[in-house]
Amino acid sequence: MARGQEPGRVINIEPLRDERQFREAVELQKIIWGFEDIELLPVRFFVVATKVGGQAFGAFDEGRMVAFCMAIPGLKPGGRSYLHSHMLGVLPEYRDFGLGRRLKLRQREEAIAAGIELIEWTFDPLETKNAYFNIERLGATVRRYVRNQYGTTTSHLHGGLPTDRCTAEWWIRSERVRKIINGEPAERPPVKARIAVPAAIRDEDRRNVQAEIADQFEAAFDAGLTVVGVERTPEAGTYLLAEVNQ
């Protein structure tokens with residue numbers, strides 16, 4: 001049985017096109033992140049994003065949306081276009097079906113067809129399972145750390161902490177990405193530094209751990225290093241950093 005399937009049925013990935021589907025995506029935001037209304041991406045945002053070069057995809061189980069992702073177009077200094085993948089969410093009961101990876105690969109497929117080379121998104125560096133997915137399963141790299149990117153939110157998942165984020169860079173046409181998503185060995189440059197995050201962090205310790213790793217990431221990036229791998233053990237998730245020619 002392929003990932004993303006349950007016995008007897010298939011979960012389909014489809015573009016989001018109409019107001020009803022956009023409203024479903026808004027409802028999923030409430031369920032997945034617990035945002036208050038003021039922090040939800042509204043229907044109009046999805047409408048605009050899909051009309052100006054962005055993307056919106058949903059995963060549907062017998063007509064019910066169970067996951068979605070959306071991206072908006074961006075412009076780098078010098079005029080290079082890219083996609084900022086702003087949101088990807090999967091209902092808790094569907095998180096072992098590989099839907100996140102399927103949605104990202106659909107993003108990649110559509111972006112390549114549009115002539116785009118780079119997709120970026122942010123993620124919480126304390127969530128090393130997610131980091132492993134981004135870097136080891138998709139082939140993204142990281143060179144930037146932003147403190148409190150989104151301010152303090154109402155989401156129960158953020159626990160009132162500053163929303164510190166790493167920025168994933170997904171060079172979707174690169175040999176590294178092609179090999180990793182195809183399950184082939186990808187050469188990794190020599191590791192120059194490691195940043196370890198405990199696998200289990202008590203709520204009262206999360207702020208201190210966050211501040212400690214923020215300092216370590218910023219020092220490593222200032223030294224020109226890039227996150228190229230993540231190792232996970234029962235005790236910790238460890239970011240592997242190396243010198244990379246960009």
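Below are the figures for this structure:
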read-out	value
The chain: calculated mean residue ellipticity at 222 nm from DSSP helix runs of at least 4, using -39500 (n - 2.57)	-8500 deg cm²/dmol
Sorted peptide list for 186-198, 120-132, criterion being average Cβ within 10 angstrom, highest first	120-132, 186-198
Per residue convex hull volume, Cα atoms of the range 33-108, in Å³	118
Residue-span extension gain [T152 to H84] - 0.36 nm each, minus C-alpha spacing	22.4 nm
Span-like helix ranges in the chain, DSSP H, alpha carbon extent 20 angstrom or more, Kyte mean at least -1.0	19-33, 99-113, 206-222
Alpha-carbon centroids, the range 227-245 and the range 76-129: separation in whole Å	20
Charge dipole magnitude, Cβ of K and R +1, D and E -1 - the chain, Cα centre, debye nearest 20	660
Contour minus Cα-Cα distance for E36 and E212 (0.36 nm per residue)	60.4 nm
Max mean-square fluctuation residue, GNM over the chain, Cα-Cα springs under 10 Å, options Q149, Q210, Q21	Q149
Long-range Cα-Cα pairs in the range 115-246 (distance over 19 Å), rounded percent	49
Approximate spin-label separation T233-V52, in nm, with each point projected 7 Å along Cα-to-Cβ	4.7
R20 versus A193: modelled label distance in nm, points set 7 Å from Cα along the beta carbon direction	5.2
Sequence of S85, S174 once ranked by neighbouring C-beta atoms within 10 Å, starting from the fewest	S174, S85
Anchor K179: lysines whose Cα lies under 25 Å away (excluding residues fewer than 8 positions away in-chain)	K104, K129, K192
For the chain: relative contact order, % (alpha-carbon pairs under 8 angstrom, 6 or more apart)	16
Potential extension, R101-A242 segment - 0.36 nm per residue separation minus Cα distance	48.3 nm
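Bear in mind these aren't lab numbers, they're just calculated from the coordinates by the rules spelled out. Owing to the predicted nature of the structure, the values given are computational and were not obtained by experimental measurement. Don't worry about glycine lacking a Cβ; one is built from the backbone with ideal geometry, like all the others, and counts go over all protein chains shown.
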